[in-house]
Structures are given as C-alpha cells and as structure tokens.
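First the structure, in the form of structure tokens, and then the observations on it.
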Amino acid sequence: MRNDAVDAALLPRESFAQRLLTGSAKKSYDPVVDIDWNAPLDPDKLFLPPEVISLFGTPQWEAMAPQQRRELSRQELANVLSVGIWFENLLNRLLLRELMNGDPTSRHSHYTLTEMGDECRHMMMFGKLLDRIEARPYWPNRYERLVISSLQLFLRGSMVWVGALVGEEIFDAIQRRTLDDPELQPVVARAMRIHVTEEARHIGFARDALARRTPTMSHAELAYTKLCVAVAAPLFVHLMTNWHMYVRAGLDDPRALRHVARENPHAQRTLGAGAANLGAFLDKQGLIGPIGKRIWRRRGLL
Ligand SMILES: [Fe+2]
Ligand SMILES: [Fe+2]
C-alpha cells in the first residue's frame, strides 16, 4: 500500500531514476564471471582499433612494424583503463558526498548507490583487464594524486555532473568504436560492451541532473561551470597523450611523439567525434562560453 502511494506521487526526477533502477535490475554484469578471463590473447590482434590510437595516420605510425603497433595499442589501452580507474574512484567519492545532501528514501539516492556499485565493478574489471593484457597501470605520482584528491573540493553542485559527463561521454563514444571490431582482442571487446551498457544509464542520469539544475543556477555558478567546462577539454587531451605510453612501447623521442599525437588530425577527428554529442548538449544548456568554445575547437573537440 505504502509503495503504491509513493509511486503515485513520484516526481518526474523520481520517475526517471526509477526507470534507471529497473534497467539496472534487468541488465547489469558481474565482470568476474561474465568475462572469460582465461581465453588466450590473440598474438596478432590489436588492443584498440587503429583509428583510436593517438599516432594513427601519422608518418611515425606508417613506419611502425605490426608488432610495434600492437605494443603501442596495448600501452594506449592500459593508459585509458588507468585513467578510467582513478576517474571512477573520484566520481564515487563525489557521489557518496552528494548522498549526504539527499533523501535516503528517494529513487534518486537509490540509483546513485546503484551507479556507485557499477563503478566499483568497473574499477575491478579495468584492473583485471590491465593484468590480463600483461600491462602495468599508468598510476599518478604523489603530486598528481594530491591534485586528483583535491578536485573533490572544487567539484560541487552542477560540477559533479559536468565532471561525470566529460569523463564518461567522451570515453563512451570511443569505446563504442571497439564493440563489434573483429580485429580486436575479444576480451577487450567484451569488457567494453559491458562498460558501454552500464555507462549509458550513468550518462542519462548525469545529463538529466544537469539539465534540471541549469535553469536554477546563479550567475556565479554558471560562470564557474563554464570555466570548468573550458579547462576540461585540454585536461582530457593531456591525459590521452601521456608520453609514458610511448616510452613503454619502446618508441624513440617520446615527448616529440606526444606533440605529434596532439597535432594529429586523425586523432583530433576521433576525439572530436567522441565529444560531438557532449559538446552539443553542453552548448544547448548554455554551459560553453565563447572562450570555452575556442578551447574546445582548438583541441578538435567541437
Ligand atoms: Fe564506469
Ligand atoms: Fe559511469
């Protein structure tokens, strides 16, 4: 009886959260048992589709032997997985804090908890995948860890959702390219399929929360949000062109290669395609200012 009364009074925000809860109950994964971790790696297949690799299409890429390309794809995947783990770690901290400001009986809080559970399993999946592909994580040093931890002081209110979207949507669009690629390592394709399925709900949740909040923002919050959106783009490109990847792949002059990767029109096009939907959404919400647009365009993200 009580539940019926609550359902009848559901707010639109609550209905949306309920839909996500129902979707999660129907389709969620446990990567420990839903991935065949004992399947052998294919000695010839890449770990990422070539067009997603930072140096793809450059003269340096053309000059590489197939095994060198394979090693670079392994290191680039390891970098993506590592960034994914610490990003989800930070996101869970933010979500846990938000829960203290909400009603623990609401569907919104319950879906927040469900998302945190998803992210815990993703962090484990990424960690297991790093191990399976025989790579070491790219882990932030002490200084970088301090910066990452201090981000939770600045990411408040709407910024939680902007941060979530920048981290989730661009990665998501890139991961979607890996789904049905027969040339890719099967274990990677499977993990990406699981991640994309669960992240689609997270992205919907973050977009919904941000769209509800935007009309209520003060001028100060709007300005602060625009600033954070603007700096998110170069930060994202910086993380994706970590020069240590080139060191571990055994390539010469890794810092010069990072520069080549940043200026690589193919890589910019891939990132731009990944960021297009998010850019359009943020723009529609009025969250990218003129400076932000210039920065996003310069990095190939708009
Ligand atoms: Fe995730
Ligand atoms: Fe997520």
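Mind listing whichever residues of the stretch 202-236 are more than 13 Å from the chain's Cα centre (by Cα) and within 16 Å of ligand 2 (Cβ to nearest atom)?
Gly204, Phe205, Arg207, Asp208, Ala209, Leu210
Give Gln185, Gln175 a once-over and let me know the one that is polar (S, T, N, Q) and out of contact with any helix residue (DSSP H, G or I) (no Cβ under 7 Å at 6 or more places or on another chain).
Gln185
For the stretch 195-205, what are the residues that are in contact (Cβ under 8 Å) with a residue 60 or more places away in the chain and either away from ligand 1 (no atom under 16 Å from the Cβ) or surrounded by fewer than 20 Cβ atoms within 10 Å (Cβ to Cβ) (or both)?
Selection gives Thr197, Gly204.
Inspect the stretch 143-160 for any residue being within 14 Å of ligand 2 (Cβ to nearest atom), under 17 Å from the mean Cα position of the chain (by Cα) and in contact (Cβ under 8 Å) with a residue 60 or more places away in the chain and give the result as yes or no.
yes
For the stretch 254-291, enumerate the residues that are farther than 30 Å from Ser158 by Cβ and either in a helix (DSSP H, G or I) or among the hydroxyl-bearing types (Ser, Thr, Tyr) (or both).
Those that are farther than 30 Å from Ser158 by Cβ and either in a helix (DSSP H, G or I) or among the hydroxyl-bearing types (Ser, Thr, Tyr) (or both): Pro254, Arg255, Ala256, Leu257, Arg258, His259, Val260, Ala261, Glu263, Pro265, His266.
For the structure I just gave you, tell me whether Gln60 is surrounded by 11 or more Cβ atoms within 10 Å (Cβ to Cβ), of a type outside the set (A, V, I, L, M, F, W, C) and more than 30 Å from Arg213 (Cβ to Cβ).
yes
Counting only residues that are part of a loop (DSSP other than H, G, I, E, B) and crowded, with 20+ Cβ neighbours inside 10 Å, how many does the stretch 156-192 have?
Total satisfying the criteria: 2.
Can you confirm whether the stretch 206-214 contains a residue that is within 16 Å of ligand 1 (Cβ to nearest atom) and touching a residue at least 60 places away in the same chain (Cβ under 8 Å)?
The answer is yes, given that some residue of the stretch 206-214 is within 16 Å of ligand 1 (Cβ to nearest atom) and touching a residue at least 60 places away in the same chain (Cβ under 8 Å).
If you take the residues in the stretch 101-123 that are assigned to a loop (DSSP other than H, G, I, E, B) and either touching a Gly at 6+ places or on another chain (Cβ under 9 Å) or at pLDDT below 95 (or both), which one is nearest to ligand 2 (Cβ to nearest atom)?
Applying the filter and picking the extreme gives Gly102.
Going residue by residue through the stretch 129-136, is there one that turns out to be under 26 Å from Asn277 (Cα atoms), surrounded by 20 or more Cβ atoms within 10 Å (Cβ to Cβ) and more than 11 Å from ligand 2 (Cβ to nearest atom)?
Within the stretch 129-136 (the criterion being under 26 Å from Asn277 (Cα atoms), surrounded by 20 or more Cβ atoms within 10 Å (Cβ to Cβ) and more than 11 Å from ligand 2 (Cβ to nearest atom)), the answer is no, since none of the residues qualifies.
Being outside any loop (DSSP other than H, G, I, E, B) and either more than 16 Å from ligand 1 (Cβ to nearest atom) or buried (at least 19 other Cβ atoms within 10 Å of the Cβ) (or both) narrows it down to one residue among Arg69, Arg93; which is it?
That would be Arg69, the only listed residue that is outside any loop (DSSP other than H, G, I, E, B) and either more than 16 Å from ligand 1 (Cβ to nearest atom) or buried (at least 19 other Cβ atoms within 10 Å of the Cβ) (or both).
The values are calculated or read from the model by the stated rules, or taken from the named source; none is laboratory data. Just so it is clear, the structure is predicted and the values come from calculations on it, not from any experiment. No Cβ is skipped: glycine too gets one built from the backbone with ideal geometry, and neighbour counts run over all protein chains shown.
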